[in-house]
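For reference, the structure discussed in these notes is given below.
All of the numbers you see were taken from the coordinates with simple rules; none came from a lab. Only a predicted model underlies this, so the values are computations on that prediction, with no experimental measurement involved. Cβ: placed from backbone, ideal geometry, glycine included. Neighbour counts: every protein chain shown.
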Amino acid sequence: MEIIDRKENPLLNRVEIEFRWNHEGSATPSREDMLNGIASIEPGSNRDFIVVKNVNTRFGIGSTTGLGLVYADADSMKVEPDYIHERYSGLRTSNAAPAEEAPAEEAPAEEDGGEA
């Protein structure tokens, strides 16, 4: 992974990293690979506070470009829309969304147990 441009955005409390990933002879990197790559490039970053956007892979060329947004904390990430938080919910180590969904999944199971 190579950094094309790095900007600090103090207003939104984040670092914006434009990157290029050369992956000739292999598949397009996964979202998790990109998160890990950006976390390793930006010192002191937390993988749970990184969002990858604008990912483009050129046809026939093993090169992918994108934008990594490295937030300082969870409160700063509130500027991202809900669908972005849902998209990354399975890749986060500390996330409140799965904890909220778990009781909702258990409730129908308890009802089914009462009917049988």
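Counting other Cβ atoms within 10 Å, which trypsin sites (Lys or Arg not before Pro) in the range 1-68 have at most 13 and lie in a DSSP loop?
For trypsin sites (Lys or Arg not before Pro) across the range 1-68 that sit outside H, G, I, E and B with at most 13 neighbouring Cβ atoms in 10 Å, the list reads 58.
Can you compute the charge dipole magnitude of the range 2-105 about its Cα centre, using +1 on each Lys and Arg Cβ and -1 on each Asp and Glu Cβ, nothing else charged? Give it in debye, rounded to the nearest 20.
340
GluC sites (Glu not before Pro) within the range 11-62: which are DSSP loop residues with at most 14 other Cβ atoms inside 10 Å?
24
Could you tell me which of rounded, prolate or oblate describes the range 2-105, using a ≥ b ≥ c as the square roots of the eigenvalues of the alpha-carbon gyration tensor, with rounded for a/c under 1.5 and, failing that, prolate when a/b is larger than b/c and oblate otherwise?
oblate
What do you get for chymotrypsin sites (Phe, Trp or Tyr not before Pro) in the range 8-87 restricted to DSSP loop and a cutoff of at most 10 other Cβ within 10 Å of the site's Cβ?
Listed in order of number, the matching sites are 59.
Could you run the Karplus curve 6.51 cos²θ - 1.76 cosθ + 1.60 with θ = phi - 60° over the range 31-42 and give me ³J(HN,Hα) per residue in whole Hz, x for Gly and Pro?
Each residue's phi maps through the Karplus curve to give 4, 5, 4, 5, 4, 5, x, 5, 4, 6, 7, 8 Hz.
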